[in-house]
1. Using a 1.4 Å probe, what is the accessible area per residue for the range 518-668, in Å²?
2. Could you work out Rg/(2.2 N^0.38 Å) for the range 458-592, with Rg from alpha carbons only?
3. With θ taken as phi - 60° and the coefficients 6.51, -1.76 and 1.60, list the Karplus ³J(HN,Hα) couplings across the range 655-668 in order, rounded to whole Hz; mark glycine and proline as x.
4. If we count every other residue with Cβ under 13 angstrom of residue 84's Cβ, Lys/Arg +1 and Asp/Glu -1, where does the sum land?
5. With a 1.4 Å probe and all protein chains left in place, how much accessible area per residue does the range 340-467 have, in Å²?
6. What ranking, highest mean first, results for peptides 147-158, 409-420 when packing means the other Cβ atoms within 10 Å averaged over each residue?
7. If each DSSP helix of 4+ residues adds -39,500 (n - 2.57) and the sum is divided by the residues in the chain, what number results at 222 nm, nearest 500 deg cm²/dmol?
8. Keeping every protein chain in place, order 437, 220 by accessible area at 1.4 Å, biggest value first, i.e. largest first.
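The values are calculated or read from the model by the stated rules, or taken from the named source; none is laboratory data. None of the values given here were measured: they were computed from a predicted structure. Cβ atoms come from the backbone with ideal geometry, glycine included; neighbour counts cover every protein chain shown. Just the protein is used for accessible areas: all its heavy atoms, side chains included, with ligands, DNA and RNA removed. Shrake-Rupley method; radii C 1.70, N 1.55, O 1.52, S 1.80 Å.
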Amino acid sequence: MDISYDFAGFQTERKYPTKSAWSIYGQATRLVPTMPAFWPNGKPGPDIEYGDNPVVTSTFETGHDDEKHYKTQNTLRLQLNPLENLDVEARYSYDVDNRYDWRFQKPWILYFPDWDTAEDTDGDGFIDDMELIPQERGTEAPNQTEEYHRDLREQANISVSYERDFGDHYLSLFGSVEQLNDDGNYISAYRNYYISDKVQTLNAGGEKEKDNSGSRWIYSRRSFIGRASYNYQEKYLAEFTFRRDGSLKYPPDSRWGNFPSFMLGWRASEENFWQESLPFINYFKLRASYGKMGMDPGSPFQYLNKYSIGSGVAFSTAKEVESIVYQEGVANPNITWEKETSYNVGFESQFLDNTFSLDVDLFYKKRSDILTSRNASVPQFTGLALPDENIAEVDNRGFEIQAGYNEELGQDFSFSLRGNISYNKNEVIFMDEPKRSVPWQEREGKPYGVTLMYEAIGVFEDWEEVNNYPSHPEAKPGDIKLKDVDGDGEITDDDMILRDRTESPRTFYGVTLDMAYKNWNLSMHVQGQGTYYQQHTTDGRRGEAGNYFGWNYDNRWTQGNLPGVEANTDTDVPRARNRGDQYWTWWRRNNTYWWDSMAYARLKQASLSYSVPEEAFGGIGLSSARIFIRGNNLFLIYSAQDKFDPEVGNPMTYPPTRTIAMGVNLTF
């Protein structure tokens, strides 16, 4: 009998500015170039709005956001071998995760120009002196929020396994019972109107607008797992697995789901006829599988009627405001597991003494009983809140291919090249969508996650083109031209199309190269993805409200009626805009102009190393030494667009950091 106990404890403390990294980075793109971040005297310059000058909001002048994280992990294991070939293992884990957030915000000072005091003392056309007016920005008064998060995760598992060879036969049996419990809660308290930022405790805050909130959650899941594996002479292989899972999220009469799977394999290269007829294929394994899995997404207890507490109703002559209890939504007593049925066929192979390798998998997956609401039976505009039901179906099909080449040329040089590519296309089979007035807006039969939008087909060059094409009443030269899909001479909701691949790419790929020459080693890895559309502008606060992105500014439509500005009417970039005052902006009429493909290929990693020969160590006590240089996110080999990093897919998010490291590994 073996008994072991593992304990791990983690304590992390982080301190941030009160503005998020997303806000600081995003607002930096809005700053107008003619307004200084710092004045010559070192004082911070003005903002556009909300006090968002990143030279201040990236510091602790705005307050602080402290996060303390305490985590312990405990695992007890017991292993027994009561009989030959029989193993019994019991495992119990108990993890405690506590997080404490302390956020204290306070106003900060920015300095704005007083143009009435501006002076050009030396007459060179530049302002030499000007008074700066300090203004308090940010919060009205110091305020504080304290949050406490607790999560207890408990997992118990007992498994039994048996393995035995019977001559040419091999049998393996496995059984397991697993229980998972998750219990957590959250508490938050808020105080405003601190008279000072020197004492940062909740009781030092004001009584006005103080608030608190909290929540609790539980989750539990139990699983019974059985597996039987068999092979004959390592040629013919079979495996059968059965799971019975129960989830606390579902009502007792539909809480359990049964999910079987099996696999068949044939190592054809072990057959005599194969070795005689196809000796250059030294390994070939054909496999096929079928499996069903269960998933329990969504909120728990949807099978129960839920009630919420509200306020604002006055009863009696005292006109006191009383709390009320009201039903929130409708329960679904039949809610149960989402299911995924998978079919897979493929092979593994190696050629010419393992010089070449090729693995291919073809798959088809059918997701059924997906939780969604009925939009056709009861449209959303009725205002009725129906529960989710297990009614939607989505199909997925595709392939995965891995290939490799390995070669050794003499004793000094070796070479390895490996590549992989995967393709996955999904299709909505059923989702109970309402009847569409035009067939091209029906989501059934289209990929999951398609986005409804207008198709942009260019920019109006002049008034003649505006007047001769169906357009919005607000249209003018320089605006985006939207396609009249149904040809009725008007731009209406029926002209919107469904653009696919806005949820995820269909294709992923990667290539890895390893080379070694004597004591030198070179390794490179390239990764990429296929066409995948994302919005290239997600912040509407531009124009007078903030700076432009270069791709919205360069080569834009201009009439040429301003000094120093040439006419540019033959372009696919619309005129300059201010916030949302155009009908073609993405939040008013979403259209394809605002979307670009995020397809890319990147040299993700590369390293070069040199192993120092042992004879160079002499008698200094070293057994090995390796000098290396390594880089991550080195550069883009290809990008479908040049606006921002396609791997991140969001211009308002900080791009991947290129890192280069040099070092020495020494072994004594």
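1. Values: 8100 Å² over 151 residues.
Ligands and nucleic acids excluded, the figure is 54 Å² per residue.
2. Details: Rg = 21.5 Å, N = 135, 2.2 N^0.38 = 14.2 Å.
This ratio for the range 458-592 stands at 1.52.
3. Residue by residue, the range 655-668 yields x, x, 8, 7, 10, 10, 10, 10, x, 9, 9, 10, 10, 9 Hz.
4. On the way: positive: 164; negative: 87, 163, 165.
Once all neighbours under 13 Å are counted, the net charge is -2.
5. Numbers: 7280 Å² over 128 residues.
Heavy-atom accessible area per residue stands at 57 Å².
6. Values: 147-158: 15.8, 409-420: 12.7.
Final packing ranking: 147-158, 409-420.
7. On the way: 5 runs with 27 residues, N = 668.
Value at 222 nm, helices only, nearest 500: -1000 deg cm²/dmol.
8. Details: 437 90, 220 25 Å².
Order by accessible area, largest first: 437, 220.
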